[in-house]
Amino acid sequence: MSKESAAATSNKPSVAVLDGWFTMDEDKPHLLGSQCNSCGTYYFPKQSNYCKNPSCDGESFNEVPLSRTGKVWSFTNACYQPPEPYIAADPYQPYAIAAVELEKEKMVVLGQVITGVDVDALRAGMQMELVLETLFEDDESRKLTWKWKPLASQ
Amino acid sequence: MSNEIAILGAGMHPWGKWGKNFTEYGVKAARDALADAGVDWRDVGFVSGAATMRCGYPGYVAGATFAQALGWQGAEVNTSYAACASGSQALAAARAKILSGACDVALVVGADTTPKGFLAPQKGERPDDPDWVRFRLGITNPTYFALYARRRMEIYGDTQDDFALVKVKNAEHGFSNPNARYKKKFSAEDVAASAMVADPLRLMDICATSDGGAALVVSSVGYAKKIGRGDAVKVAAISTVTPSYASGIIEMPDLATDSAAVVEAQSFRAALPKKAYEEAGVAPGDVDVAEVYDLSTALELDWMEDLQLCERGEAAQLVRAGQTRVGGRLPINPSGGLACFGEAVPAQALSQVCELTWQLRGEAGARQVEGAKVGITANQGLFGHGSSVILKR
């Protein structure tokens, strides 16, 4: 059994791998982006200093939960173990990656695809939803990240 | 045309993993370019270097490093850094100096020595650095190339066999190029048998990193005429535009695109040649040969469409029909491209211009594109850097 799947069943507390990047609602998580109060454009990761729209000089932003479903723009996988700071399971388990288009925000967000779903199961346009899964665990906690999962109803 | 400058000489140090100091490659390329130009080093008024970030302080001041190595002779120096477009930006600096009348002849040089192994981010916990974050989440460089490649398969129906054809074609081109690192012909079966790295891309679909050096001697058109080189190949356009917000394609090292909720999405790759065509007064239909940045086989197909050399989604058909080979209607990467060179960042954009110079002079030997009069380059790097250069004969 891999470290990763073992981790999913451990009793350690779960912690976000990146603090403040997503809600820790394990049932219906959201990525946390920001929205410019002047022009309304969205940012992920959060932008909090200045708006990058060249026709906007906005400097105030609201934190907003991003849409938690979207359509696959493209996808791939990682056949080889990435270098540090990636912390890999031993033995290394390849994983799929999806770029998912959020309709309301009109942006594409990358993420690993949930364990057990390979590229063969993915197609452009497929509906995906955001879930949380363990990325790795250390002595104290399970580190959770966001992942994309095919919507069950397809 | 008042905005043109002349290319008097081109030179390169062969690409490889030689493990020498980058200065050696640059000096070799520069001396070859000077000899090719028939220009005495002491007549060069401006040395424009493309920086390397991997070779310590001498790399940050590459222009001065090359000038000192060639023998200080009082020329002014400049160093440009623009990621993969560094060489084009160094060429643009030389052009500005020449067109302003501040100098007649300039030497442009880029060279690099690459480290062994994979490129990885700096150590430590750095969640504010997007490059660190994406590696922590398991998103590597091939991820991005693979997403673009898969997108082509999903939208246009391209296949992995099409991508393999690009490798086979470029390997054939590079086979006779003395400056190429990989001079070996491959079959589609060879590509298909190589290890999958990031589905749908295999090891042989993705370019390596290399050592290498490239240099150009450029001058005002007036100077070229004065020394009897009025017929020299001319630089008709150099585009180094930045992207326009909102960038609609996921770019390394980002985890998300810009939002197009308020501003329409733009393509950076398509914007680069657009400005070059406008500046040169040349239409895509006038192009005889192109050198494009094939970081992956599939990316060469994207570039053909971004350069408007064919309609969106039609690049693979041209490859299948053999049109992009030397001898075809629209040869792409006659040098062999990155597939045969591997990337030597500060030298790569200049090597594209060297190749087109030889092509437009009719000096490219077995890989010569017959009767080539107009050539275009295209490349893109990190952080909003990219370039497209048009040469005319």
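Table for the structure above
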item: Given 14 as the ceiling on other Cβ atoms within 10 Å, longest exposed-site-free region of chain B for GluC sites (Glu not before Pro) in DSSP loops; result: B:126-263
item: Shape of segment A:61-154, Cα gyration tensor, a/c cut at 1.5; result: oblate
item: Residue B:283 versus residue A:60: modelled label distance in nm, points set 7 Å from Cα along the beta carbon direction; result: 5.3 nm
item: DSSP bridge pairs, the protein assembly as shown: antiparallel proportion in percent, nearest 5; result: 75 percent
item: Cα centroid separation, segment B:136-198 to segment B:334-368 (Å); result: 19 Å
item: Long pairs among A:52/B:167; B:17/B:275; B:97/B:274; A:106/B:392; B:225/B:373, criterion Cα-Cα beyond 30 Å; result: A:52/B:167; B:17/B:275; A:106/B:392
item: Relative contact order %, chain B, counting alpha carbon pairs below 8 Å whose residues are six or more apart; result: 25 percent
item: Local electrostatic count at residue B:337 - Lys and Arg +1, Asp and Glu -1, tallied over other residues with Cβ under 10 Å; result: -2
item: Estimated FRET transfer efficiency (residue B:203, residue B:53; beta-carbon r; R0 25 Å; 0.05); result: 0.45
item: Drop in accessible area of at least 40 Å² in the complex versus isolated chain, residues of segment A:77-122, 1.4 Å probe; result: A:79, A:80, A:83, A:84, A:85, A:97, A:106, A:108, A:110
item: Long-range HN-HN contacts of residue A:14 with modeled amide H, under 5 Å; result: A:142
item: Low-density loop positions, chymotrypsin sites (Phe, Trp or Tyr not before Pro), segment A:17-65 - DSSP coil, at most 14 other Cβ in 10 Å; result: A:50
item: Amide proton proximity set for residue B:5, modelled H, under 5 Å, gap of 5+; result: B:235
item: Chain B: DSSP helices with Cα axial extent of at least 24 Å and average Kyte-Doolittle hydropathy no lower than 0.0; result: B:345-361
item: Accessible area buried between chains B and A, both sides summed, probe 1.4 Å, in Å² to nearest 100; result: 3500 Å²
item: Loop trypsin sites (Lys or Arg not before Pro), segment B:1-63 (other Cβ atoms within 10 Å of the site Cβ: 16 or fewer; DSSP); result: B:17, B:20, B:54
item: Surface share of carbon and sulfur [accessible, 1.4 angstrom probe, percent] for segment A:1-92; result: 46 percent
item: For chain A, the longest site-free run once GluC sites (Glu not before Pro) in DSSP loop states with at most 11 other Cβ atoms within 10 Å are removed; result: A:27-102
item: Positions from segment B:242-286 whose accessible area shrinks by 50 Å² or more when the full protein complex is built, not the chain alone, probe 1.4 Å; result: B:245, B:255, B:256, B:257, B:259, B:262
item: Loop-located chymotrypsin sites (Phe, Trp or Tyr not before Pro) in segment B:13-115 whose Cβ has at most 13 other Cβ within 10 Å (DSSP); result: B:72
item: Rounded percent of accessible protein surface that carbon and sulfur make up, segment B:36-123, 1.4 Å probe; result: 53 percent
item: Theoretical ellipticity at 222 nm over chain A - DSSP helices of four or more residues, -39500 (n - 2.57) apiece, nearest 500; result: -1000 deg cm²/dmol
item: Eligible lysines near residue B:20 by straight Cα distance, threshold 16 Å, same-chain separation 8 or greater; result: B:28, B:116
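The values are calculated or read from the model by the stated rules, or taken from the named source; none is laboratory data. Just so we're clear, the structure is a prediction, and the values are computed from it rather than from any experiment. Ideal geometry is used to build each Cβ from the backbone, glycine not excepted, and the neighbour counts take in all protein chains shown. Accessible surface areas use protein heavy atoms only, side chains included; no ligands, DNA or RNA. Shrake-Rupley method; radii C 1.70, N 1.55, O 1.52, S 1.80 Å.
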